[in-house]
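Q: Take this structure first; my questions come after.
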Amino acid sequence: MKVAVLKGGASMERQVSLRSGARIAEALRAGGHEVVEIDVDQSLVLNLREAAPDAAFIALHGRGGEDGTVQELLEIVGIPYTGCGVLSSAWTMDKSLTKSLLQKHGVPTPRFVAFGESAFKSLGASDALDQIESLLGFPVVVKPARQGSALGVNFAADHSEMPPAILSAFSYDDKLLIEQFVKGREVAVSVLDGEALPAVEAIVRGGDFYDFESRYEIGKTDYVCPAEIDDAVAKRLSAIAVETFTLLGCHGFARVDFMLPENGEPQVLEVNSIPGLTQTSLMPMAAEAAGISFEQLAERLLATAQSRQAYPIG
Amino acid sequence: MDRKRSSKHDLERYARLFAERSEKVKTSAMRDMMSITDRPEVISLASGMPDTKSFPKDLLESVFVDMARHHSAELLQYTPTEGITPVKARIAEVMAAENIKADVDNILVTTGGQQAIDLITRVLVNPGDTIITEAPTYPGAVPSFLSFQAEAVQIDIDDAGIRVDLLEQELDRLAAEGVTPKFIYTVPTFQNPAGVTMSLERRKRLVEIASERELLVLEDNPYGMLRYSGEPLPTLRELDGGNFVIYLGTFSKIFAPGLRMGWIEGPSPVIEKCNIAKAAADLNSSGPAQYLIESYFEQADWRDWVKTANGIYKSRRDAMLTALERYFPAEASWTKPEGGLFIWATLPEQIDTTDLLTKALRSNVAFVPGAGAFLGSTPDPRGRNTMRLNFSGVPEDRITEGIRRIGEVIEEQLELWRTMTGEHRTVKTDAVAAPEESSVSWLAGRKMKRQAG
């Protein structure tokens, strides 16, 4: 099959995407596919027309690639593509939309509030800060709503730490969420073709939080896969991951990130519609633990391009 | 279920193989972010690129032809590790232009100034050894220092360069602990990243300190010739006479960085050791690059291009200074360099320039956040509200537009901050009654932030 691997782009996660894309391209070539690697820019449509691939493998992360934009374009030019469709991509990209939907359906996720920069600027949202603080209680985590790889994520232990945290989050997106901090283990469950893969736990050396550096620097984080958790908890994680996947209308694959408290329900933090596929990424590890090699994984991810029911954009 | 520890994983197999020194040099979100600054629509005030577009093409052509015609066999061959003699003579000539009498035998040609820093660190620093640098320091030197596991002590600089009084205090403190630093690394003239120049008084004192305490000083001088105003000052190497000062030079700014041609000039025992280290690193610097230098110096007066380039940079520096006055907030301050390639700006302390960069990139403009020029524990709080701005790489209109856009995102951040801290109300009421009070209320907001930290 002729496959266009879309990678790079102009998002903050460009380098991560280049690594994911290169790895996927290599695996697909090993699987006998004809691969064209496209670094996404203004010439994307022209490049796609020239390449005329049978399918597009979207190895983009962050804005533009993971939020439905490229998916929409691919539907217009009529090229089947891997993973989630337009709507579920847009939905999962936004942590606040994702969490609202999960909350509505009773899926456990930490309490939160979300608002845009305009609410601050013109509606006086800052006057509601004390109310937000008493609703959630400290510490809280302030996150940009639509940014991956933990960029712009800051903790606030008390009121005085809120303004810098908010300023930082708004640097990455004009919408943010303030979330109750849940202490626990960071666990991710990847879903492939509607089934949960074994959970992966990320343990950052030195007890730091799982930030950008610890995600992509080899040797900074220990990964345990399958995570060392009770079978009952593992089952619960899988069930919640699949439920989340279904509720959000995901197609093919996605990764659901959890915080697993000492006692109590696993809490969904976010959903990644295009999980990282680099050397240090969690989904390939989970696949390997399930006996799926990286080449096989690449093949199965590619197959999701064909299994989607093509539908015109309404 | 078959539980598998990460150590068995592919990734961990490699992780265990890496040497400790490779773990010291970190990847960062910043580095990844900088990779999107080279898109054509981005006005990059980030890189330290000299202008190469204006270099006369016909001259370059005749240099290449001359080189190929007269040195074809030699330039294709291995060359001596220390560099070919004619180039070493040219280096002595360039140094003479700064009043330094250099012996060609004490010169080692390196692959860019970067290799000079790397070789010196390699031959002088054992893991755990202390070195001294400026705060902020040239970020490009940091990976070399870190990978040889040096413990860097940073000394603050101000408008007159390194604070020699603080340096002496620190040296006393270290001496009391029985620690002798291996060297003091400084860019005394038009410093990278700060753009400041060490005063004559401090130069003299630094050289005295080095001699009194028998300490080596690495004088990194890539920009010395790029002076657009003010009077030239003697180099540390000139003042010292070559006893304790090791001089690092480069053709990158007086000719072209693409050649990767630099040098070390210093006491012969140090040069000998560096020579051996260079043989291990790359045997010799590129033959074509060396013969290109030789042909270029044959065909033209190297000062002509420096003069042309200085004219270009002066006008760009002036454009940037004017734009900063116009578009940066009153609370910001910046250096006013007499030469070199960089201006260093300090913003109100609630602004984190790494965060600001992501916002700026959405407005298609880039700069270098200052945090990378400080070596403290990550994240080093020093420098988080600073930025390095380059004025040599883009023409005046783009500089003005770039600074305008940065000013705009700074203003957005400040506005948001004022909204959050409730300060806007004070400003508003004060603004009606007494506009000049607004700066006072800003200070009040700042105080709040200090308590927060």
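Q: Only residues in the stretch A:164-177 that are over 14 Å from residue B:353 (Cα atoms) and facing chain B (nearest Cβ under 10 Å) count as the first member; pair them with residues that are surrounded by fewer than 23 Cβ atoms within 10 Å (Cβ to Cβ) and of a type in the set (Lys, Arg), Cβ under 8 angstrom, at least 6 apart or cross-chain, and list the lot.
A: Short answer, once both residue conditions are applied: A:173/A:146.
Q: Do we have any residue at all in the stretch B:182-192 that's without any contact (Cβ under 8 Å) to a residue 24 or more places away in the chain and in contact with an Asp or Glu (Cβ under 9 Å, 6 or more places away or on another chain)? Write out each step before concluding.
A: Our first condition is that a residue be without any contact (Cβ under 8 Å) to a residue 24 or more places away in the chain; within the stretch B:182-192, this holds for none.
No, the conditions are met nowhere in the stretch B:182-192.
Q: Just to check your reading of the model, which residue among B:295, B:285, B:268 is polar (S, T, N, Q), surrounded by fewer than 17 Cβ atoms within 10 Å (Cβ to Cβ) and out of contact with any Phe, Trp or Tyr (no Cβ under 7 Å at 6 or more places or on another chain)?
A: Numbers: B:295 fails: surrounded by fewer than 17 Cβ atoms within 10 Å (Cβ to Cβ); B:285 fails: surrounded by fewer than 17 Cβ atoms within 10 Å (Cβ to Cβ).
Within the list B:295, B:285, B:268, the selection yields B:268.
Q: Report yes if residue B:348 is under 19 Å from the mean Cα position of the chain (by Cα), closer than 18 Å to residue B:136 by Cα and of a type outside the set (Ser, Thr, Tyr), otherwise no.
A: In short, no.
Q: I've got another one for you. Looking at (1) over 18 Å from residue B:373 (Cα atoms); (2) touching a Ser or Thr at 6+ places or on another chain (Cβ under 8 Å), can you tell me which one residue B:94 breaks?
A: (2)
Q: Right, residue B:202: out of contact with any Phe, Trp or Tyr (no Cβ under 6 Å at 6 or more places or on another chain) and closer than 30 Å to residue B:368 by Cα or not?
A: Working: out of contact with any Phe, Trp or Tyr (no Cβ under 6 Å at 6 or more places or on another chain): yes; closer than 30 Å to residue B:368 by Cα: yes.
It is true that residue B:202 is out of contact with any Phe, Trp or Tyr (no Cβ under 6 Å at 6 or more places or on another chain) and closer than 30 Å to residue B:368 by Cα.
Q: Which of the residues belonging to the stretch B:212-238 are outside any loop (DSSP other than H, G, I, E, B), within 19 Å of residue B:134 (Cα to Cα) and not acidic (Asp, Glu)? Don't jump to the end; show me each part of the working.
A: Kept after step one, since they are outside any loop (DSSP other than H, G, I, E, B), are these residues of the stretch B:212-238: B:212-213, B:216-220, B:227, B:236-238.
Subset that is within 19 Å of residue B:134 (Cα to Cα): B:213, B:216-220, B:236-237.
Correct list: B:213, B:216, B:217, B:218, B:236, B:237.
Q: A further question on this structure: Return the residue satisfying two criteria in turn: it lies in the stretch A:15-27 and is within 12 Å of chain B (Cβ to nearest Cβ) and surrounded by 24 or more Cβ atoms within 10 Å (Cβ to Cβ), and of such residues it is nearest to residue A:68 (Cα to Cα).
A: Looking at residues that are within 12 Å of chain B (Cβ to nearest Cβ) and surrounded by 24 or more Cβ atoms within 10 Å (Cβ to Cβ), I get A:17.
Q: Here is a further query. Within the stretch B:349-357, is there a residue that is crowded, with 23+ Cβ neighbours inside 10 Å, within 14 Å of chain A (Cβ to nearest Cβ), among the hydrophobic types (A, V, I, L, M, F, W, C) and not in a loop (DSSP other than H, G, I, E, B)?
A: Yes, the conditions are met somewhere in the stretch B:349-357.
Q: I would also like to ask the following. Among the residues of the stretch A:130-153, which ones are within 13 Å of another protein chain (Cβ to nearest Cβ) and either under 13 Å from residue B:420 (Cα atoms) or over 18 Å from the mean Cα position of the chain (by Cα) (or both)?
A: Correct list: A:130, A:132, A:133.
Q: Which of the numbered conditions does residue A:34 fail, given that it passes all the others? Conditions: (1) touching a Lys or Arg at 6+ places or on another chain (Cβ under 7 Å); (2) crowded, with 19+ Cβ neighbours inside 10 Å.
A: All conditions pass for residue A:34, except number (2).
Q: Does residue A:119 qualify as being assigned to a helix (DSSP H, G or I), modelled with pLDDT of 90 or more and out of contact with any strand residue (DSSP E or B) (no Cβ under 6 Å at 6 or more places or on another chain)?
A: no
Matching residues to (1) within 14 Å of chain A (Cβ to nearest Cβ); (2) assigned to a loop (DSSP other than H, G, I, E, B); (3) touching a Ser or Thr at 6+ places or on another chain (Cβ under 7 Å); (4) surrounded by fewer than 18 Cβ atoms within 10 Å (Cβ to Cβ):
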| residue | (1), (2), (3), (4) |
| --- | --- |
| B:309 | no, no, no, no |
| B:317 | no, no, no, no |
| B:337 | no, yes, no, no |
| B:383 | no, yes, no, no |
| B:388 | no, no, no, no |
| B:401 | no, no, no, yes |
| B:404 | no, no, no, yes |
| B:415 | yes, no, no, yes |
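Q: Which of the residues that make up the stretch A:1-58 are touching a strand residue (DSSP E or B) at 6+ places or on another chain (Cβ under 9 Å) and among the polar types (S, T, N, Q)?
A: If the condition is that a residue be touching a strand residue (DSSP E or B) at 6+ places or on another chain (Cβ under 9 Å) and among the polar types (S, T, N, Q), then A:17, A:20, A:47 are the ones that fit.
Q: Given the conditions (1) part of a helix (DSSP H, G or I); (2) touching a residue at least 24 places away in the same chain (Cβ under 8 Å); (3) over 17 Å from residue B:161 (Cα atoms), which single one is not true for residue B:207?
A: That leaves (3) as the condition not met.
Q: Out of the stretch A:44-58, which residues are buried (at least 17 other Cβ atoms within 10 Å of the Cβ) and within 12 Å of residue A:70 (Cβ to Cβ)?
A: Those that are buried (at least 17 other Cβ atoms within 10 Å of the Cβ) and within 12 Å of residue A:70 (Cβ to Cβ): A:44, A:48, A:56, A:57, A:58.
Q: I'm trying to understand the selection: among the residues of the stretch A:183-215, which are among the β-branched types (Val, Ile, Thr) and modelled with pLDDT of 90 or more? Step through it out loud before you land on a result.
A: Step one: of the stretch A:183-215, the residues among the β-branched types (Val, Ile, Thr) are A:187, A:189, A:191, A:200, A:203-204.
Once the filter is applied, which keeps residues that are among the β-branched types (Val, Ile, Thr) and modelled with pLDDT of 90 or more, the stretch A:183-215 yields A:187, A:189, A:191, A:200.
Q: Take the conditions buried (at least 18 other Cβ atoms within 10 Å of the Cβ), within 14 Å of chain B (Cβ to nearest Cβ) and either over 26 Å from residue A:4 (Cα atoms) or not β-branched (Val, Ile, Thr) (or both) and apply them to residue A:266. Does it pass?
A: Numbers: buried (at least 18 other Cβ atoms within 10 Å of the Cβ): yes; within 14 Å of chain B (Cβ to nearest Cβ): no; either over 26 Å from residue A:4 (Cα atoms) or not β-branched (Val, Ile, Thr) (or both): yes.
Criteria not met by residue A:266.
Q: List, please: which pairs have Cβ atoms under 9 Å, are six or more places apart or on different chains, and start with a residue in the stretch A:111-129 that is facing chain B (nearest Cβ under 9 Å) and end with one that is assigned to a loop (DSSP other than H, G, I, E, B) and not polar (S, T, N, Q)?
A: Once the first residue is facing chain B (nearest Cβ under 9 Å) and sits in the stretch A:111-129, its partners that are assigned to a loop (DSSP other than H, G, I, E, B) and not polar (S, T, N, Q) give A:117/A:173; A:117/A:174; A:126/B:422; A:127/B:422.
Q: Condition first: out of contact with any strand residue (DSSP E or B) (no Cβ under 7 Å at 6 or more places or on another chain) and under 30 Å from residue A:38 (Cα atoms). Can you find one or more residues in the stretch A:97-112 that meet it? I'd like the intermediate steps shown before the answer.
A: Within the stretch A:97-112, the first condition is being out of contact with any strand residue (DSSP E or B) (no Cβ under 7 Å at 6 or more places or on another chain), and the residues that meet it are A:97, A:100-101, A:103-106.
Filter again for under 30 Å from residue A:38 (Cα atoms), leaving none.
The answer is no; no qualifying residue exists.
Let's see how each residue does on (1) without any contact (Cβ under 8 Å) to a residue 60 or more places away in the chain; (2) among the basic types (Lys, Arg); (3) within 14 Å of chain B (Cβ to nearest Cβ); (4) under 24 Å from residue B:41 (Cα atoms):
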residue: A:29; (1), (2), (3), (4): yes, yes, no, no
residue: A:37; (1), (2), (3), (4): yes, no, no, yes
residue: A:48; (1), (2), (3), (4): yes, no, no, yes
residue: A:56; (1), (2), (3), (4): no, no, no, no
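The values are calculated or read from the model by the stated rules, or taken from the named source; none is laboratory data. This structure is a prediction, so every number in the text was calculated from the model and none was measured. With ideal geometry, Cβ positions are generated from the backbone for all residues, glycine too; neighbour counts draw on all protein chains shown.
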